[in-house]
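Nothing in this text is a laboratory measurement; each read-out follows from the coordinates by a stated rule. On a predicted model such as this, the values are computed, not experimentally measured, just so you know. Backbone-built Cβ (ideal geometry, glycine too); neighbour counts: all protein chains shown.
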Amino acid sequence: MTAKEDHEDAAIGALCDELTARGLETRIVAHPDRDKNHPLTVDAVISIAGDEWAVDHCLLSRPSLLPAAMKATEKALGIEIEKIAKEHGRMIVVSYLPQTGAHGQKWGADYYRGLRELAVKAAVIDGLVAGDDGFATAQSFHSDTPTAVLTPFTDTTGNASIAAQIAAGLRDPLVKKLDGQLKQAKQAGFRTALLLDQVPRGGSESHTVWLAGPTTVAAVTTSILNEHRRENPPVLDQVWLRPGQRITSAIAPSVHLLIS
C-alpha cells in the first residue's frame with residue numbers, strides 16, 4: 001500500500017467514524033480506484049444506512065510552487081534574521097510574500113535582501129516597518145529570548161484574501177473531479193460525496209495544505225460548485241471536511257459536513 005492510499009484510508013475511515021457516531025450504519029464496500037475491474041474510479045464506495053455513496057478524497061492543497069517557495073525563504077532568511085534578532089536582543093517578526101520561479105533558479109534574491117534590510121530597520125527603531133509590496137513587514141519586540149519568526153502570506157494570487165488563495169489551489173482539482181469520477185458515479189446512479197482533507201500527507205508538512213476554518217472552506221467550495229453548475233448539471237450531493245486541527249472529539253467532530 002502506498003503513502004497516498006494510507007492517507008486516503010485514514011481520511012475515509014474518519015468519515016465513516018463520524019457517520020457511525022451520528023447513528024448511521026456505515027461500512028466501506030469498495031475502493032474502485034484500486035480495482036481495475038470496477039466501473040467507477042472514485043476512492044471509495046461507502047454504504048450509509050443501506051444507501052451506497054461514491055466518495056472521492058481531495059487534499060485542500062496549496063498551489064504546488066508555494067511550499068517550495070516557503071522552504072526557499074526559510075533557507076534564505078531564517079539564520080540571518082535570527083542573527084539580527086540576537087544582535088539587537090529582540091524578537092523580530094517578518095511577514096513576506098513567498099517568491100516563486102522556475103525550478104533550479106535562485107528565487108527572490110533581491111526581495112530577500114529587502115526583507116533583511118527591513119529586519120535591521122525594525123530592530124534599530126524597535127518598531128514596525130513595511131515594504132512597498134503590501135505584504136512585507138518587519139516588527140521588533142522586546143524579548144528575553146531573542147528569536148526570528150517568519151510569517152508568510154501563503155499566496156500566489158497577489159490577493160491577501162484567504163478565500164481567493166484557497167480558490168486558486170482548489171478550483172482546478174475540484175472541477176476535474178466534477179467532470180470526471182464524480183460525474184461518472186452520478187451517471188451510474190450513486191449518491192456522491194467529496195471529502196476535503198486538511199491533514200497533510202506526511203504529517204508535519206502543514207504548509208502544504210490550507211488550514212482555514214470550515215466556514216471559509218465551505219464558502220469557497222460553494223462558489224466553485226455554483227460556477228460549475230451554470231453550465232453543467234449538479235453531480236455532487238455532499239461535501240465533507242477533515243480538519244487539520246482538532247481540540248478533542250467531545251468538542252469538535254472528526255469530520256465536518258460542509259455542504260448538503
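Quick one: how many lysine pairs in segment 12-121 have C-alpha atoms under 19 angstrom apart, if they're 8 or more apart or on different chains? Let's see the in-between values first.
Values: Lys71/Lys83; Lys71/Lys106; Lys75/Lys83; Lys75/Lys86; Lys75/Lys106; Lys83/Lys121; Lys86/Lys121.
Lysine pairs satisfying the spacing and distance rule in segment 12-121 number 7.
Please report the antiparallel percentage of DSSP beta bridges with both residues in the chain, rounded to the nearest 5.
On the way: 22 of 40 bridges.
Looking only at bridges with both residues in the chain, the antiparallel portion is about 55 percent.
What does the helix-only formula give at 222 nm for the chain: each DSSP H stretch with n ≥ 4 adding -39500 (n - 2.57), the total divided by the residues, and the result rounded to the nearest 500 deg cm²/dmol?
-13000 deg cm²/dmol
Largest first and to the nearest Å, give the Cα extent of segment 65-152 along each principal axis.
Answer, in whole Å and largest first: 39, 24, 16 Å.
Tell me, Kirkwood radius of the chain from alpha-carbon pair distances, in Å? Don't skip to the end; give the middle numbers.
On the way: mean 1/r = 0.0486 Å⁻¹.
With all distinct Cα pairs of the chain included, I get 20.6 Å.
Where Rh is the Kirkwood radius over the Cα pairs of segment 1-57, the temperature 4 °C and the viscosity 1.567 mPa s, what D in µm²/s does Stokes-Einstein return? Write down the numbers at each step before the final one.
Numbers: Rh = 11.6 Å.
It comes out at roughly 112 µm²/s.
As I understand it, the dipole of the chain uses +1 on the Cβ of Lys and Arg and -1 on the Cβ of Asp and Glu, about the Cα centre. Which of Cys16, Leu194, Ala167 lies farthest toward its positive end?
Ala167
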